[in-house]
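*Asks:* Got a structure for you, questions after.
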Amino acid sequence: MITAAQLRAARALLGIDQKKLAELSGVSLPTIQRMEASDGNVRGVIETLTKVVEALNEAGVELLGENARSESGGRGVRMRRPGPPNPTT
């Protein structure tokens, strides 16, 4: 599963626009636009979602699911559940 927010964040990390992601993944620009405009989890044809995720992986972005660990290292961003902020002192 991938969320629309993850998809937008992945593009931002790569510094690419929707058109470039469409080219890299081999799906249409309107499809990328619909995916990013959806609420919550992106829904669609599994084959299309797989193409987009694979293109992001090949470009260097690792998408992490809820409670997943990143074994490959590198820098990244992860959203946490909203809640009280952690004290820094």
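We did not get these values from a lab; they are worked out from the coordinates using the rules stated. These figures come from a predicted structure and were not determined experimentally.
*Asks:* Which far-off residues, 5 or more places away or on another chain, put their amide H under 5 Å from the one on Thr3, with H placed in the peptide plane?
*Replies:* Val42
*Asks:* Based on the Kirkwood radius over alpha-carbon pairs, what value in µm²/s does the Stokes-Einstein equation return for the translational diffusion coefficient of segment 4-59 at 25 °C and 0.890 mPa s?
*Replies:* 225 µm²/s
*Asks:* List, in order, the whole-Hz ³J(HN,Hα) value for each residue of segment 24-33 obtained from phi through the Karplus relation with A = 6.51, B = -1.76, C = 1.60 and θ = phi - 60°; use x for Gly and Pro.
*Replies:* 3J(HN,Hα) across segment 24-33, in whole Hz: 5, 8, x, 10, 6, 4, x, 5, 4, 4.
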